[in-house]
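Presented below is the structure to which this report refers.
The values are calculated or read from the model by the stated rules, or taken from the named source; none is laboratory data. The structure presented is a predicted model; accordingly, all values stated were derived computationally and were not measured. For neighbour counting, all protein chains shown are included, and Cβ atoms are generated from backbone atoms with ideal geometry for every residue, glycine included. Please note that ligands, DNA and RNA were not included when accessible areas were found on the heavy atoms of the full protein model with its side chains. Shrake-Rupley method; radii C 1.70, N 1.55, O 1.52, S 1.80 Å.
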Amino acid sequence: MPKKRKKDRKAPSRRSSVQTTPAQRAVLELVDWNDASEEGVDVIDAFTERFPTPVDAVKAVQAGECVQWTGGIDGSTMRHRVLLFDDGTATVEQAVFVGGPLEELLLCAWHQAGEQRRDSLEAGVLAALGELHTAIRPVLEAEIRKVRPDYTAAVPQPFREDPELYGPGMPVFGWRILHPVGPDTTWEDTRDTAAWNTSETMSGLLGYYDHVPELQQAGLAAVLRKHDVPVVLCVDCGQPITDRHPRWMSVWVTPDSEHGPVCGYPRAARVTAKPALGTFTDHDFGGPHHPA
C-alpha cells in the first residue's frame with residue numbers, strides 16, 4: 001500500500017533532468033517520494049541553485065542558454081522552462097504531458113485515423129483535452145482547498161508539439177500555462193499546484209482518481225469520441241486497440257507490452273484441467289482482441 005502523499009507533489013523522480021545550456025545536461029539526484037524527507041525536494045531548487053529568480057533565468061536565455069527542467073512524480077512527464085518571445089517578453093512555461101491510459105488511447109486513435117484524418121484528429125484531441133481538464137479541475141481544486149481555502153486553479157491550454165525523435169511518430173500532446181515574468185516574479189509564482197498535480201491524475205497508476213468517471217477508460221474514450229477522435233476499445237479486456245499499426249496491419253493490437261495482440265480476457269472459457277503428461281493447454285495461445 002503506497003504511503004499517503006502530500007497534495008503539492010514536488011519531488012523530482014527517476015526521469016528528472018535539468019538542461020541549462022544546449023551542450024550541458026545535468027541529471028538530478030534520484031528521489032523516491034515515499035523515501036523523501038517530510039520537507040521533500042522542491043522542483044524549483046533545480047533552478048534557484050543557478051538562477052535565484054526567473055529574471056536571472058531570462059537573462060541567461062537572452063545570452064543563448066536553454067533553461068529547462070523535465071521530470072515526473074508518480075505520473076506523466078512535466079516540464080518547466082523559460083521562454084523568450086520575439087517582442088522581448090518572457091514567460092515560464094509549466095507543462096504537463098498526457099500519459100498513462102490517455103496516451104495509449106491517443107496512440108491507437110492516431111494509427112486508426114490514418115494519414116488522411118490526422119489533421120482533423122489533432123484538432124479533436126486538443127478540444128477533448130480542454131473538456132477533460134474542465135472535468136478534473138474541480139477535483140484538483142477541492143484537494144488543495146483543504147489546506148488553501150482561497151485557492152483557485154489556473155486554466156491550462158491544450159497544446160501539441162512535433163513527434164519526438166525516438167517516439168512512436170505521434171505528436172506530443174499536453175496542457176500548459178505560460179506565467180509572465182516581471183521584475184518581482186518568483187519561482188513559486190510560476191507553478192500552479194493543480195496543473196502540476198494533473199500529472200498524477202493522468203497516470204492512472206495509483207488509483208487515487210478512480211472516482212472521476214472521465215478518467216476511467218470508458219469515460220476517456222467517450223470524451224475523445226465526442227470530438228471525433230477514432231478510439232476503439234476491446235469488448236473483452238477494455239484496452240485501446242488498433243488494426244492499423246504498420247507492423248500489425250489487420251491485427252487488433254494494443255500498446256500494452258504485456259498483451260500486445262493477445263487479449264487479457266479472451267472470450268473462450270479458461271481451461272482449468274491440466275493434461276497428465278504435457279505442459280500446455282490450448283488456452284496458452286490466448287485469444288485475439290475484439291473491437292467493441
- Message: Residue by residue through region 260-266, what is 3J(HN,Hα) from phi via Karplus (6.51 cos²θ - 1.76 cosθ + 1.60, θ = phi - 60°)? Round to whole Hz and write x for glycine and proline.
- Response: x, x, 9, 6, x, 9, x
- Message: List the residues, sorted by chain then number, that are 5 or more residues from H290 or on another chain and whose placed amide H is less than 5 Å from its amide H.
- Response: V235, D236, C237
- Message: Can you compute 3J(HN,Hα) from phi for each residue in region 122-127, using the Karplus curve 6.51 cos²θ - 1.76 cosθ + 1.60 with θ = phi - 60°, rounded to whole Hz and x for Gly and Pro?
- Response: 4, 5, x, 4, 4, 5
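Among residues other than S250 whose Cβ falls under 15 Å from its Cβ, what is the net charge (Lys/Arg +1, Asp/Glu -1)?
Net charge in that neighbourhood comes out at +1.
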- Message: With the cut-off at 1.5 for a/c, could you classify region 92-176 from its C-alpha gyration tensor as rounded, prolate or oblate?
- Response: prolate
- Query: Using a cut-off of 15 Å between alpha-carbon atoms, which aspartates and glutamates can reach K146, once sequence neighbours fewer than 8 places away in the same chain are excluded?
  - Reply: D8
- Message: Over region 42-100, what is the relative contact order in percent, taking alpha-carbon pairs closer than 8 angstrom and at least six residues apart?
- Response: 26
- Query: Given the protein chains as shown and a 1.4 Å probe, how many square angstrom of S250 are accessible, to the nearest 10?
  - Reply: 90
- Message: Please state the shape class of region 140-292: rounded when a/c is under 1.5, otherwise prolate if a/b exceeds b/c and oblate if not, all from the C-alpha gyration tensor.
- Response: prolate
- Task: Mind checking which aspartates and glutamates have their Cα closer than 20 Å to the Cα of K274? Skip sequence neighbours fewer than 8 apart in that chain.
- Result: D282, D284
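Tell me, what % of the accessible area of region 207-292 is carbon and sulfur with a 1.4 angstrom probe?
Working: 3070 of 5480 Å².
C and S fraction of accessible area: 56 percent.
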- Query: Straight-line reach from K226: which aspartates and glutamates have Cα under 13 Å away, leaving out those fewer than 8 places along the same chain?
  - Reply: E131, E214
- Note on the structure: If amide H atoms are modeled at 1.01 Å from N in the peptide plane, then the residues at a separation of 5 or more from G72, or on another chain, having amide H under 5 Å from its own are S13, R15, S16, M78
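Percent of accessible area on region 147-190 owned by carbon and sulfur, 1.4 Å probe?
Details: 1470 of 2730 Å².
Heavy-atom surface of region 147-190 belonging to carbon and sulfur, 1.4 Å probe: 54 percent.
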- Query: For region 41-166, what is the relative contact order in percent, using Cα pairs closer than 8 Å and at least 6 residues apart in sequence?
  - Reply: 13
